[in-house]
Amino acid sequence: MNKKIRNIRPHLIDEDTHLNVQVYKDRINRQENNRHHSGLNMVNVSTPEESILIRGYATVLEQSLHDIDIQHPLVPLKLTLNKTTGAKNGYLICCGDYAQQCLESIREYIKLGDRIINLGGGLGITATYAGILSKNPVTIIEPNIKMHPTIHKNADLNDISIKLLQACITPENDESLTEFHIMEEPLSSSIFKYAQEVDTSYKVETISLQKLIQESHANVIISDIVGAEINAFENIDLRQIDKVIITINTPIIGEKPTANLITTLSKQGFELKDIKGLVFSFIRTK
């Protein structure tokens, strides 16, 4: 039995505090401003008014016996909300703000017939949208096993074929085990420990990016691997790759590693075509 797709447009009306705010519209206005003025260290944040809505989302998700399926408000994409998604991310998804910059880059650069590797699958949102546009199966690398059911559900909702691997990427050929840290905010989980408190850690298989490119016959890499992008492309032959859409987490890795990563891709024959916040789009020119 098919689930009903719900188009959620959040509003805030709180007569007790004399608030009557159309939060969805306000956030869209901020998105337009960010589109033109976001810098390398800009990260979208929620406002105090939105925190009320986020708490409401937390209650809904906690009490819901089933996943909540919605239609993305900005792109033709069906998505599922659940406890793994979390209240804040669920709210941002409904507003169209979650991964907005990456989705815009995918809409601009992914074409019919592209063969895609997605490094850092997260909730599967960007990989699913890329699959919709390319009409090809997408290879997804996501070391956090807790994300896998949601990735599969999002792919299934949109009739997208995926190959999902629980692994971490390494530029070397040493396919051993590496320690992966699950943070309080699961989507921030990483091979690195940051300011967030680590909830748990476990060993995950590593896979050579070079081998992955060769075996998947990919021509596109979409990457958001939370700091591990520092050396992910070093000593990798990328001649098979035409496009790289990569989230460079400058607030985490710093300006110099960001510059080094851009230089590494430039030396491989890529030209930086676009920057949307933290999302950099590279196209092969030679």
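The values are calculated or read from the model by the stated rules, or taken from the named source; none is laboratory data. These numbers come from a predicted model, not from an experiment. Reconstructed Cβ throughout: ideal geometry from the backbone, glycine too, with neighbour counts over all protein chains shown. Each accessible area value is taken on the protein alone, full model and side chains, heavy atoms only, with ligands, DNA and RNA left out. Shrake-Rupley method; radii C 1.70, N 1.55, O 1.52, S 1.80 Å.
Just subtract the alpha-carbon distance of Lys211 and Ile145 from 0.36 nm times their residue separation and send over the number in nm, one decimal. List each step's numbers first, then the result.
Working: separation 66, 0.36 × 66 = 23.76 nm, distance 2.18 nm.
Here the segment from Lys211 to Ile145 would lengthen by 21.6 nm.
Exceeding 20 Å between C-alpha atoms, which entries from my cross-link table qualify? They are Lys83/Lys163; Lys88/Lys111; Lys146/Lys211; Lys111/Lys273.
Working: Lys83/Lys163 23 Å; Lys88/Lys111 31 Å; Lys146/Lys211 25 Å; Lys111/Lys273 16 Å.
Check vs 20 Å cut-off fails for Lys83/Lys163; Lys88/Lys111; Lys146/Lys211.
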Check your understanding: Distance in nm between label sites at Lys273 and Leu65, each 7 Å beyond Cα in the beta-carbon direction?
Key -> 4.9 nm
Revision key, fill the gap. Amide H neighbours of Gly227 at under 5 Å, excluding residues fewer than 5 places away on the same chain, with H built from the backbone geometry, are Asn249
Revision key, fill the gap. Averaged over all viewing directions, the convex hull of the alpha carbons in the stretch 56-103 casts a projected area in nm² of 3.1 nm²
Check your understanding: Ordering Asp69, Asp224 by how much accessible area each has at a 1.4 Å probe, largest first, what is the list?
Key -> Asp224, Asp69
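When the solvent-accessible surface of protein heavy atoms is calculated with a 1.4 angstrom probe, in what order do Glu104, Glu271 fall, highest first? All intermediate terms of the calculation are to be shown ahead of the outcome.
Values: Glu104 25, Glu271 80 Å².
These residues rank, largest area first, as Glu271, Glu104.
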Practice item. Compute the Rg to Rh ratio over the stretch 67-132 from the alpha carbon atoms, using the Kirkwood formula for Rh, and round to two decimal places. Key: 0.95
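Where a ≥ b ≥ c are the square roots of the eigenvalues of the C-alpha gyration tensor, would you call the stretch 211-252 rounded, which needs a/c under 1.5, or, failing that, prolate if a/b is larger than b/c, or oblate?
Details: a/c = 2.39, a/b = 1.89, b/c = 1.26.
Prolate is the answer for the stretch 211-252, as a/c is 1.5 or above and a/b outweighs b/c.
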